[in-house]
Amino acid sequence: EEQVKTRIATLKRKNINAYIIYFQSYSGTYGTLDAIKSKIQSAIVDEGIVALHIGTRPDTVDEAKLDYLAELNSRFEVVVEFGLQSADDTTLKLINRGHTAGDFAHAVSLAHERGLKTCAHIILGLPFETREQMLESVRFAVCEVHSVKFHHLHVVRDTELANLYNQGKINLLSAEEYADILSECIALLPENTVISRLMGDASGDTLIAPHWNISKNDFINLLKDMMLAKGLY
């Protein structure tokens, strides 16, 4: 409640009067239904709130939790963001996701049965994945979802991925390579799919690699130029 009120007060001073509450960090549907209700209700503290976006995992939802979100959907636009990351179960096991691609599809289906919008998070450049595997993840994810968020792979401190990177066992995409693959992923999207993110950031000083010497605006221009050159839209 304190976080939301403080942020809204800042936005109101900028004459912004409509707000999305975004439960972004960790898994927004993890825990008991009562705990989830408590957090959400504590955040709905202003009449200008128009939407709730809840980032979570496909293995931390069930019918009761989605029923509650469906009730909220009559008052707010509710979007449930599921981290798929890859549609390849071998990759998901390697990166210790704890769920399968089938779990993602089932969670999305349960959400849609209740009229909830969904978003898929996809990481491009996961260890040992080919371009075709990345494209297949997009084909798998976007058949029904409302929106998609693309991320490039980050290596952050104190992780098993960092150990693999430091041992020289994995390669990371350059900005140009990422833009090249991303351009083809975007071209696979249905026309009504919302692209909510093109690249992400690691938090604080945790990032080990990659360090791209390019701003987000310059990256977007690179992506646009690449799509035009390849005849993609």
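The residues of region 191-233 that are at pLDDT 95 or above, open to solvent by less than 70 Å² (accessible area, probe 1.4 Å), over 26 Å from Glu160 (Cα atoms) and not in a helix (DSSP H, G or I), listed by number, are Thr193, Val194, Ser196, Gly231, Leu232. Scanning region 111-125 for residues that are outside any strand (DSSP E or B) and buried (at least 19 other Cβ atoms within 10 Å of the Cβ) gives Ala111, Leu116, Gly125.
Does Lys224 count as touching an Asp or Glu at 6+ places or on another chain (Cβ under 9 Å) and of a type in the set (Lys, Arg)?
Working: touching an Asp or Glu at 6+ places or on another chain (Cβ under 9 Å): no; of a type in the set (Lys, Arg): yes.
No, not satisfied.
Among the residues of region 126-162, those that are open to solvent by 40 Å² or more (accessible area, probe 1.4 Å) and in a helix (DSSP H, G or I) comprise Arg131, Glu132, Gln133, Glu136, Arg139, Phe140, Glu160.
From the list Ala162, Ala229, the lone residue that is without any contact (Cβ under 8 Å) to a residue 24 or more places away in the chain and at negative phi is Ala229.
Only one of the numbered conditions (1) part of a helix (DSSP H, G or I); (2) open to solvent by 90 Å² or more (accessible area, probe 1.4 Å) is violated by Glu47, and that is (1). Residue by residue through region 163-190, note down the ones that are within 20 Å of the chain's Cα centre (by Cα) and either farther than 15 Å from His152 by Cα or open to solvent by 60 Å² or more (accessible area, probe 1.4 Å) (or both). Once the filter is applied, which keeps residues that are within 20 Å of the chain's Cα centre (by Cα) and either farther than 15 Å from His152 by Cα or open to solvent by 60 Å² or more (accessible area, probe 1.4 Å) (or both), region 163-190 yields Ala187, Leu188, Leu189, Pro190. Contact annotation: residue pairs with Cβ atoms under 6 Å, 6 or more positions apart or on different chains, pairing a residue in region 201-221 that is farther than 8 Å from His154 by Cα with a partner that is open to solvent by 80 Å² or more (accessible area, probe 1.4 Å) and not hydrophobic (A, V, I, L, M, F, W, C), are Thr206/Arg157.
Looking at region 72-105 only, could you name the residues that are part of a helix (DSSP H, G or I) and either open to solvent by 40 Å² or more (accessible area, probe 1.4 Å) or hydroxyl-bearing (Ser, Thr, Tyr) (or both)?
Of region 72-105, the ones part of a helix (DSSP H, G or I) are 72, 89-94, 101-105.
Passing the criteria: Asp89, Thr90, Thr91, Lys93, Leu94, Gly102, Asp103, Ala105.
Among the numbered criteria (1) under 25 Å from Ile44 (Cα atoms); (2) without any contact (Cβ under 8 Å) to a residue 40 or more places away in the chain, which one does Thr90 miss? With respect to (1) under 25 Å from Ile44 (Cα atoms); (2) without any contact (Cβ under 8 Å) to a residue 40 or more places away in the chain, Thr90 is out only on (1). Against the criterion of being out of contact with any His (no Cβ under 8 Å at 6 or more places or on another chain), more than 19 Å from Ser196 (Cβ to Cβ), open to solvent by less than 10 Å² (accessible area, probe 1.4 Å) and in a helix (DSSP H, G or I), Leu66 qualifies. Can you confirm whether Ser27 is surrounded by 12 or more Cβ atoms within 10 Å (Cβ to Cβ) and over 28 Å from Met199 (Cα atoms)? Considered against the rule, which asks whether it is surrounded by 12 or more Cβ atoms within 10 Å (Cβ to Cβ) and over 28 Å from Met199 (Cα atoms), Ser27 comes out as no.
The values are calculated or read from the model by the stated rules, or taken from the named source; none is laboratory data. The structure presented is a predicted model; accordingly, all values stated were derived computationally and were not measured. In this analysis, Cβ positions are derived from the backbone assuming ideal geometry, glycine residues included, and neighbour counts consider all displayed protein chains. Accessible surface is based on the protein model in full, side chains and every heavy atom, while ligands, DNA and RNA are left aside. Shrake-Rupley method; radii C 1.70, N 1.55, O 1.52, S 1.80 Å.
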